[in-house]
Amino acid sequence: MNLRFLSTPSGTPLANGRKLSHSPHMQINTLIIGAGAAGLMCAAHSGPKTMVVDHAKAAGEKIRISGGGKCNFTNMYAEPQNFLSANPHFCKSALSRYTQWDFIEMVAAAGIPYHEKTLGQLFCDTSAKDIIKLLKTEARGADIRLNTSVEHIAKAENGFDVALMHEGKLTSVSTANLVVATGGKSIPKMGATDFGYRIARQFDIDVLPTRAGLVPLTFGQDIMEALKPMAGVSLNARVSCNGAAFEEGLLITHRGLSGPSILQASSYWHEKDSLFLHLEPALDIVQALKDQRQQAGRMAVHTALGAHLPSKLANYIIEIAGLSGNLADQSDNDLAQLEAVLTELEMRPTGSEGYRTAEVTLGGVNTDALNSKTMESRTVPGLYFIGEVVDVTGWLGGYNFQWAWSSGWAAGTAI
Ligand code: FDA
């Protein structure tokens, strides 16, 4: 137990000098820390005497802002291979017992209108608030306390003693089960903290190193000088990194590269790795240029390429390929060189935009420490970890909420 303020035994002073034994006391069955996606889902299934606490002013804040306010709440094609984890098998049990179809059924039964945007991604037609309302309704049996911080946690004989602080008032709670659903470190200004990892460490549960995932990537000065004038340019690209490849939109920004294909690849990227870009993979651009060379040989090569790519990007690609002049000036070798740049453009990021803008946090509570059916700690009975705090991270496209629903359900029904 390495956190003093988390391990103060009941009856002894807390960090602020107050004594837990003087505060009102409650006996409950389940305390869930975090009223986000996983915590609310768990509360909907965890039975009587469940309390959910969150230091935020409102429940489900990340749900509210997700999917541009429309919440990409699941993905029709969700499978274990859409998730990253040191143990790729861990997520299988929960995902197969509470599937995307179970959540879709709940959404449909509530009469929430939704649609598929692309690639199996389901979004609300109206507002992400519909999902928050649904979860709150499902969890109506639970006592949800917002603006409430956890002052300390101590192991008791039959569970845990927890001190809660709300508007300067302490409450002590004895609970048989403690569920940690505090999410990852992404978007600290929305209340994200490393609290879940600290609770794990307090109980000697291993936490794997964390890093930002689904995040825009940044580049060194030389590449940025070329990219900045192209900020706003978007196109389709197949982006490969460390054996994973994603064919989706790519966006050039003032800070580097973004867009779905880059966000997806970012979860596979580690320092010093390169990305390989195939620009507009559905088009055979070089064959089109060869055909044009016959009919319009006098056209400048950058103008010809500009018919297939945004013109600023076309100019940049022509420069990298070392071409100049008209189409008629280009030999087959020159066009092969251009093809290599268009299909295998190597770019080496220097970093990412970090937790400030990342959609998720990779790494976290080591799944080796948890039971995959229940999410319960193997060493501390009654202690559960669910959602993003666990080392299971989904692709972009509704997968991370599905993990929150499935893992929250697994813990809730096991309690
Ligand atoms: P979540 O972050 O939802 O909840 C954690 C809760 O714990 C929060 O309410 C927080 O306030 C609380 N908490 C933290 N520290 C605490 C402390 N010390 N004391 C008390 N409470 C504490 N995924 C997806 O599938 N589809 C999508 O469309 C999107 N879109 C999206 C957009 C943006 C901008 C972001 C940042 C993320 C997404 N995601 C997403 C990812 C998704 O939001 C995320 O994976 C889930 O919300 C994770 O659910 P959890 O319940 O684990 O954490």
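Scan region 164-178 and give yes if some residue there is within 12 Å of the ligand (Cβ to nearest atom), touching a Lys or Arg at 6+ places or on another chain (Cβ under 8 Å) and touching a residue at least 60 places away in the same chain (Cβ under 8 Å), otherwise no.
To start, the set of residues in region 164-178 that are within 12 Å of the ligand (Cβ to nearest atom) comprises 164-166.
Among the residues that remain, those that are also touching a Lys or Arg at 6+ places or on another chain (Cβ under 8 Å) are: 164, 166.
Checking which are touching a residue at least 60 places away in the same chain (Cβ under 8 Å) leaves us with 164.
Taking every residue of region 164-178 in turn, at least one turns out to be within 12 Å of the ligand (Cβ to nearest atom), touching a Lys or Arg at 6+ places or on another chain (Cβ under 8 Å) and touching a residue at least 60 places away in the same chain (Cβ under 8 Å).
For region 148-245, the strands (runs of 3 or more DSSP E) that sit wholly inside it and include 2 or more residues that are buried (at least 17 other Cβ atoms within 10 Å of the Cβ), aliphatic (A, V, I, L, M) and under 25 Å from the mean Cα position of the chain (by Cα) are 169-180, 207-213, 234-241.
Please verify whether region 359-367 includes one or more residues that are more than 30 Å from ILE187 (Cα to Cα), charged (D, E, K, R) and either assigned to a helix (DSSP H, G or I) or within 16 Å of the ligand (Cβ to nearest atom) (or both). Step through it out loud before you land on a result.
Going through region 359-367, the residues more than 30 Å from ILE187 (Cα to Cα) turn out to be none.
No: zero hits.
Contact map, region 95-113: residues that are among the basic types (Lys, Arg) paired with residues that are surrounded by fewer than 18 Cβ atoms within 10 Å (Cβ to Cβ) and part of a loop (DSSP other than H, G, I, E, B), Cβ distance under 9 Å, separation 6+ or inter-chain. Pairs shown: ARG97/LYS373. Per this entry, GLU388 is counted among residues that are in a helix (DSSP H, G or I) and of a type in the set (D, E, K, R). If you filter region 20-61 down to residues that are polar (S, T, N, Q) and in a strand (DSSP E or B), you find that the one that is surrounded by the fewest Cβ atoms within 10 Å (Cβ to Cβ) is GLN27. Only one of the listed residues (SER66, SER127) is assigned to a helix (DSSP H, G or I), within 20 Å of GLU359 (Cα to Cα) and within 14 Å of the ligand (Cβ to nearest atom). That residue is SER66. Residue count for region 78-98 satisfying the condition of being assigned to a loop (DSSP other than H, G, I, E, B) and in contact with a strand residue (DSSP E or B) (Cβ under 9 Å, 6 or more places away or on another chain): 5.
Candidates ALA288, ALA314, ALA304, ALA358: the one that is closer than 28 Å to GLY259 by Cα, of a type in the set (A, V, I, L, M, F, W, C) and in contact with a His (Cβ under 6 Å, 6 or more places away or on another chain) is ALA314. Kindly indicate whether LEU122 is on the phi < 0 side of the Ramachandran plot, away from the ligand (no atom under 11 Å from the Cβ) and not in a loop (DSSP other than H, G, I, E, B). Taking the combined requirement at face value, the residue does not satisfy it.
Any read-out appearing in this document is the output of simple, stated calculations on the displayed coordinates, not a laboratory observation. Quick caveat, the model's predicted, so the values are computed rather than measured. Using ideal geometry, Cβ is built from the backbone for each residue, glycine included, and neighbour counts are taken over all protein chains shown.
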